[in-house]
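Reviewing the structure listed below.
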Amino acid sequence: MKYKSNNNIVYSCKYHVVFCPKYRRKVLNNGVDERLKELINNICQELHVDLIEMEIMPDHVHLLLEVDPQFGIHKVVKRIKGISSRI
């Protein structure tokens, strides 16, 4: 197991995040999935979050993220869902 560290702590915080479109409609296909992958990758690079795994199904998204606990997973999910809702 690989640990990361910053000034104060040593951590290995991995989160499995699953979210779906409203009413779980099958809208994540026909190019929308590719654009969503680009957006999620860009957001993770911008926030210095490690995107370990990503799978986009037609009606939901699975992400495995490693996030600094001092930054917080809630900020990452808020940013991803906020930007992806405008596709």
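Binned at 5 Å from 0, what are the whole-percent values of the Cα-Cα distance distribution for the chain, short to long?
P(r) for the chain, in whole percents per bin: 3, 13, 26, 24, 15, 9, 5, 3, 1.
Which listed residue (Asn7, Val27, Asn41) has the Cα farthest towards the positive end of the charge dipole for the chain, taking +1 on Lys and Arg C-beta and -1 on Asp and Glu C-beta about the Cα centre?
Val27
Full-extension gain between Glu55 and Arg35, please, as 0.36 nm times their residue separation minus the C-alpha to C-alpha distance.
Here the answer is 5.9 nm.
Can you tell me how much longer the chain between Val77 and Asn42 gets when fully stretched, taken as 0.36 nm per residue apart minus their C-alpha distance, in nm with one decimal?
Fully extending the segment from Val77 to Asn42 adds 11.3 nm.
Hand me the trypsin sites (Lys or Arg not before Pro) from the chain located in a DSSP loop with no more than 16 other Cβ atoms within 10 Å, in residue order please.
Those that pass, being in a loop and sparsely packed, are Lys2, Arg25, Lys26, Arg86.
With a cap of 10 neighbouring Cβ atoms within 10 Å, and only residues DSSP puts in a loop, list the chymotrypsin sites (Phe, Trp or Tyr not before Pro) found in the range 1-54.
Tyr3
Throughout, read-outs are computed from the coordinates displayed, never taken from laboratory work. This one's a predicted model, so the numbers in the text were calculated from it and none came from an experiment. For neighbour counting, all protein chains shown are included, and Cβ atoms are generated from backbone atoms with ideal geometry for every residue, glycine included.
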